[in-house]
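The values are calculated or read from the model by the stated rules, or taken from the named source; none is laboratory data. Owing to the predicted nature of the structure, the values given are computational and were not obtained by experimental measurement. Glycine gets a Cβ as well: all are built from the backbone with ideal geometry, and neighbour counts include every protein chain shown. Accessible surface areas use protein heavy atoms only, side chains included; no ligands, DNA or RNA. Shrake-Rupley method; radii C 1.70, N 1.55, O 1.52, S 1.80 Å.
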Amino acid sequence: MSADCWVQLLDSLENILSESSLWQASLSALAGQTTEALPPDQMALLQSRLDALQKSTEQLCQHLSAVQQTLHKLQQRMPQNHALLPPSPNLPEMERRLIRETGVDFSRNARRDPAPVEQALRINAEKLHQITTYSPVYIYELNADGIITFANRTYDGLSQERVVGTHITDWFPAEQRSLIASALAQVIQSELPQTVEYAIPNPEGEMRCYSTQMAPVLIDHHVTSVILIANDVTERRQTEAALRESEARYATLAATMPVGVFRTDVEGRCLYCNEHWCEMVGMSGQAALGHGWQHVLHPTDRDRFLMAWNTLLGSSNTLQLEVHYRHTNGTSVWADLRVVPETDSTGQVTGYIGAVNDITQRKLAIEALARSERRLSLALEGAKAGIWEWDMATNQTYWSDENYRLLGYEPGKCASTYDNWLNAVHPEDRDRTQDYVNDVIATNSDLNLEYRVLLPDGSIRWLADSGRLLFNEQGEPSGMSGIQVDITERKQAEEQLRASLKEKEVLLAEIHHRVKNNLQIISSLLNLQANRIDDPQVYAVLEETWNRVDCMALVHESLYHSNNFAEINLAEYVETLAVNLLHTYAVDPEHAFLEVEADPTVYVDLNTAIPCGLILNELITNALKHGLKQGQTRKIFVYLQQSGDRTVTLAIGNCGDTLPVDFDLNQSRSMGLRLVTNLTEQLEGKLEIKRGDPTIFQVSFASPKP
């Protein structure tokens with residue numbers, strides 16, 4: 001029984017030495033690495049070695065207690081002739097320790113009749129001495145009062161003689177003493193092993209963590225001593241904390257990543273999936289475990305995916321493909337899946353880790369883009385338009401298929417180069433086109449070019465190119481892109497329109513000429529008739545009438561001589577009409593003169609010019625008849641202006657206050673003034689009279705939009 005106990009004790013110590021060596025090797029291998037850099041397999045290996053070391057320490061404590069009990073029983077059973085004197089001081093400490101405990105001297109000189117068991121005990125005692133001396137753990141023996149009776153090493157490097165004989169709590173800080181004393185008392189009272197953990201400073205002041213096993217030594221059912229084995233677990237605690245921190249970081253990272261994350265075992269059973277993956281497919285994490293995740297695979301893509309997935313399982317390969325899910329609400333979800341194997345320290349595949357990125361919006365955008373490109377292609381083909389892009393550095397261009405056809409080439413049959421484009425341009429337009437492109441590049445302006453191309457069959461096609469320059473990082477032109485449109489039909493239509501317009505212009509000019517001639521005939525007839533009348537009043541009426549006719553004839557004459565039949569320069573018309581009226585009434589320049597200030601930018605159409613001319617005729621006539629006093633030089637003035645809001649103001653006046661005191665425009669019986677009022681209403685304008693010196697009639701109306 002005692003030999004077995006020794007063997008177990010030695011095995012436990014050897015296990016501790018072995019585990020300690022592995023632990024030290026692991027720490028050396030990880031020197032300089034942060035906890036974030038520790039691979040999961042190395043963290044798991046460290047944890048397993050720490051657990052083995054802890055277990056070996058507990059076993060050693062139990063075996064030491066059993067050895068104490070065995071030694072006590074050997075002492076009782078040994079013959080008297082084996083009880084010798086106290087041990088020699090030359091014997092090793094462990095051997096002297098055995099002699100003190102058993103009363104038996106195991107030295108060869110003292111053995112009269114050594115037995116095999118005694119020889120084994122001696123060998124094991126020597127082994128025990130070596131192991132306890134070089135053991136990385138602290139081994140103490142305390143008596144029932146807590147006095148240290150044996151110590152293989154000390155915390156602070158003091159000699160064993162200094163420690164033996166002192167109380168165990170003397171070597172702990174004050175705040176730790178009650179913990180140690182309480183644990184020791186509990187071991188003695190319960191006769192059961194206890195484990196206590198604490199932290200004390202080393203000689204350098206660094207706090208070290210220890211896990212201490214206390215085991216009672218029972219002799220005749222009484223606790224005679226306590227074996228205390230203290231193991232420095234500082235690195236272990238730090239590693240455990242680092243492991244927990246690393247796992248917490250991993251869990252936080254997996255939970256907060258904007259992609260789905262999952263883990264499976266080597267057979268593809270789901271072990272974990274983060275919240276993002278669950279939200280992506282509408283499945284709970286619990287439902288996804290095992291093979292439950294396969295239920296959200298889209299039926300149209302299920303077989304393809306599972307074939308690739310089953311090929312991956314058991315291998316160390318990686319997998320990347322697009323997977324099609326069906327959300328629990330029925331919608332489709334497209335994702336980019338990437339899977340890598342997870343291995344242990346031996347390289348054996350233990351599972352797989354995957355990342356799933358939702359690309360549904362990207363897929364929809366790609367499909368929408370493809371549809372848009374198809375529609376654009378059809379639209380360009382229907383509109384006879386092509387797309388092109390020119391790289392100035394390589395002189396290469398990109399042409400759409402329709403662009404080839406517009407230039408007279410078969411799509412893909414020739415290189416899409418700038419030179420081939422220029423060669424297709426009509427020889428008469430080639431130099432002009434080349435100069436225009438060079439000017440666009442030199443001035444960094446947009447391209448808007450119309451030119452002809454000469455097709456292989458000899459026909460001519462008109463094209464219009466619109467484009468913009470592309471610039472490099474230095475801001476220099478590096479290329480150009482744009483669109484090319486067939487405008488042959490438009491050019492033909494424009495040519496026909498110009499010919500038709502020319503015919504209509506000739507016809508319209510002839511009409512105005514004939515209207516003017518007819519009005520002049522009427523004016524001449526009135527003039528002839530007036531010359532045969534002696535009544536001054538009748539003569540005045542006829543004179544006013546032919547002046548009005550001349551006014552209208554002047555409008556048509558102005559249009560006839562103009563290149564634009566849509567509008568008349570009102571300033572020129574007003575000035576010409578005013579001068580003609582002065583000639584008509586034969587006004588002596590010494591007694592009256594005309595001042596005209598007209599904005600030359602005022603243009604009106606025919607429907608506006610005739611009422612303005614009639615108004616001007618009536619008001620100048622009134623000024624000539626009633627505004628001039630005999631023997632005095634008077635000024636008649638005409639002002640024409642246009643404001644920013646396109647309001648036209650026509651003012652006719654003369655010097656002096658020439659209106660009667662009781663004059664009321666609304667009560668006036670003058671046909672001329674009533675005509676002015678009606679014509680102003682026709683223009684949707686406003687008539688104002690400013691009395692005093694000078695007297696002014698002012699008409700304001702909105703200029704018609706051009």
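Here are a few things to note about the model shown:
- Here the scattering of the range 595-706 is modelled by Debye summation over its C-alpha atoms, one equal scatterer each and no solvent; at q = 0.16, 0.22 Å⁻¹ the log10 of I(q)/I(0) is -0.73, -1.30.
- Heavy atoms of Glu367 accessible to a 1.4 Å probe, total area in Å² rounded to 10: 80
- Taking a sphere under 13 Å around the Cβ of Gly260 and counting the other residues whose Cβ falls inside, with K and R at +1 and D and E at -1, yields a net charge of -2.
- Surface listing: Met257, Met280, Met671 arranged by accessible area from highest to lowest gives Met671, Met257, Met280, probe 1.4 Å.
- The range 342-478: C-alpha gyration tensor shape, a/c 1.5 cut-off, then a/b vs b/c: prolate
- Within the range 292-333: backbone nitrogen closer than 17 Å to the Arg362 label point (7 Å, Cα to C-beta): 319-325, 333
- Cα gyration tensor shape for the range 269-404, rounded if a/c is under 1.5, else prolate or oblate: prolate
- Selection from Val296, Met257, Ala242, by position along the positive dipole direction of the range 238-319 (Cβ): Val296
- Accessible area per residue was computed with a 1.4 Å probe on protein heavy atoms; Lys690 scores about 100 Å².
- Nitroxide proxy distance, nm - points 7 Å out along Cα→Cβ at Glu279 and Ala199: 3.8
- For the range 276-428, with +1 on Lys and Arg beta carbons and -1 on Asp and Glu, the positive-most of Gly285, Thr360, Trp388 along the dipole: Gly285
- Charge dipole magnitude, Cβ of K and R +1, D and E -1 - the range 196-297, Cα centre, debye nearest 20: 240
- Within the range 402-486: Cβ-based charge dipole about Cα centre, in debye rounded to nearest 20 (Lys, Arg +1; Asp, Glu -1): 220
- With every protein chain in place and a 1.4 angstrom probe, the accessible-area ranking of Tyr436, Tyr250, Tyr325, largest first, reads Tyr250, Tyr436, Tyr325.
- The separation of the range 443-460 from the range 639-706, counted between C-alpha centres, amounts to 56 Å.
- Taking the Cα centre of the range 344-448 as origin and assigning +1 to Lys and Arg Cβ atoms and -1 to Asp and Glu Cβ atoms, the resulting dipole is close to 460 debye.
- Peptides ranked, highest mean first, by Cβ atoms within 10 Å: ranges 195-208, 459-472, 220-233: 220-233, 459-472, 195-208
- Sorted largest first, the principal axis extents computed over the alpha-carbon atoms of the range 201-304 equal 77, 41, 21 Å.
- Residue separation of Asn444 and Leu306 scaled by 0.36 nm, minus their Cα-Cα distance, works out to 44.0 nm of gained length.
- For the range 643-696, with +1 on Lys and Arg beta carbons and -1 on Asp and Glu, the positive-most of Leu675, Leu687, Thr658 along the dipole: Leu675
- On the beta carbon distance between Ile689 and Ala540, with R0 = 22 Å, the FRET formula returns roughly 0.45.
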